[in-house]
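Here the structure is laid out as structure tokens; the discussion comes afterwards.
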Amino acid sequence: MSSSDLTVNEAGPADLIAAVWYTLGFRPLNSLVLVALQGPRGRVGSMLRIDMAPVWFGGDQAAGVTAVLDAAIEALTGPASAAFGGAPGEPEKDAQDGLPVRVVALIAVPDALAVPPPMVVRALPQRIARAGLWLYDLIGVTPTAFRSMLCPDGSCCPPGGRPLSEVEASRVAMAHVLRGDRLATSEADVIGDVGQAVPVGEGGEPEVPGEHGERARRIWWRTWNALLGEAKGWNTDQLALGPLHDSFLRDAIFVRLAAAPGPTRQRFLNQLLAGQSPPDLSGYWEELFSELPDRVLLARGEQILAVLARRGTASERAPLLAVLALLAWYRGNGVRTRLLMERLREEGPELPEPLPRLAGLVEMLCTAGIAPPWVEAPVRADAE
């Protein structure tokens, strides 16, 4: 599950495609992407990508289409539908304005614009309508072109589509480029920044977690803040990995990067660094985490943590992967969240069930389809 903050009142298909690309972190191919529209202005909210297996282009195509459509309808009307604006008990209604749940569907396959259209393009509108939902737009995307499949105006959306270069030059894409955002070449490369775990025995002696009191936390914290501020004379080699096994320090990192600035955040950080606060952030989310994230600060923090992750063994970097997964979830990048959790599981097959607290929290958020709290705040503002 991923999230954006664009509104369809100010966006065309090119902007919507760009929002999907940069929210997911890569250009999806062989994918169905569902985009929730929330509030009266149609704010682009949560996104869900469903794989469309290559079997679609040969073999039992009908079964493949049915499976993907079933997954799409389940996402829109099932237990996780709240992330798409559905009210509990009334999945067909928008929780804020009483409108049917509105979605934009992007179908990214090589033959999306073919004549006749592929089976999924023909079947999806009927399946969504039967579920009591409103398909706001259906956009076909190939490796070279795109167009709205619902637009009857051939001058606006010609049968062969518009060049994909228009997406790259769209207002949304340019805003992301100017902000320093970059697209990965593939889904797997979305977590290319964390690299692979260093084999045990390479790169020096492994760091032992040990006990970490307030003094140790604050020494680490001083270096961390200097790196966040890009102060001269500081580098990531000055940050040890061992202290990150301390749950108070990991929670402090998340609060520093994600929480709204102010006295409440500072008080909470002081409590965490002193080891005085219970390791449960859920009671503070409404107060601290309902504002739009500072994406520049988040990006800098993730960059530092990724550098640390690249020099750790599987056991040393496991806490880092959990923190990075939580930050990716909060930033609205569900793809990165899932991939980091998969890497955490892959590198730590001995991990207990349930997972350690922070990793378990991320897995619960993903499984339940819970969106970051800041996604709901703009919707409430739209409805007022």
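The values are calculated or read from the model by the stated rules, or taken from the named source; none is laboratory data. Since this is a predicted model, take the numbers as computed values, not measurements. Glycine also receives a Cβ, built like all others from the backbone with ideal geometry; neighbour counts cover every protein chain displayed. These accessible areas exclude ligands, DNA and RNA; they are computed on the full protein's heavy atoms, side chains included. Shrake-Rupley method; radii C 1.70, N 1.55, O 1.52, S 1.80 Å.
At a probe size of 1.4 Å, how large is the accessible area of PHE26, to the nearest 10 Å²?
10
Using modelled amide H (1.01 Å from N, peptide plane; none on Pro or chain starts), what sits under 5 Å from the amide H of ARG162, excluding residues fewer than 5 places away?
Sorted by chain and number, the residues that satisfy this are PHE146, ARG147.
Pop a pseudo-label 7 angstrom from the Cα along the beta-carbon direction at both SER155 and GLN271 and give the gap in nm to one decimal.
6.3
Express in Å², to the nearest 10, the accessible area of LEU29 obtained by rolling a 1.4 Å probe over the protein heavy atoms while all chains stay in place.
90
Amide H to amide H, which residues 5 or more places from LEU150 or on other chains are under 5 Å from it, using H placed in the peptide plane?
The answer is LEU138.
Among CYS151, CYS157, what's the order by accessible area (1.4 angstrom probe), most exposed first?
CYS151, CYS157
Rank these residues by their accessible area, most exposed first, probe 1.4 Å: ASP246, ASP51.
ASP51, ASP246
Let me check something: with ligands and nucleic acids excluded, how do ASP181, ASP189, ASP237 order by accessible area (1.4 Å probe), largest to smallest?
Of ASP181, ASP189, ASP237, the descending order of accessible area is ASP237, ASP189, ASP181.
So who's got an amide H within less than 5 Å of the one on ARG43, skipping anything under 5 residues away but keeping other chains? H placed 1.01 Å off N, in plane.
VAL8, GLN38
For the stretch 108-228, what does the alpha-carbon gyration tensor say about shape, rounded, prolate or oblate, given a ≥ b ≥ c as the root eigenvalues, a/c under 1.5 as rounded, and a/b over b/c as prolate? Working shown, then result.
Numbers: a/c = 2.82, a/b = 2.58, b/c = 1.10.
Verdict is prolate for the stretch 108-228.
Enter the accessible area of VAL296 (Å², nearest 10), with the probe set to 1.4 Å and all protein chains included.
100
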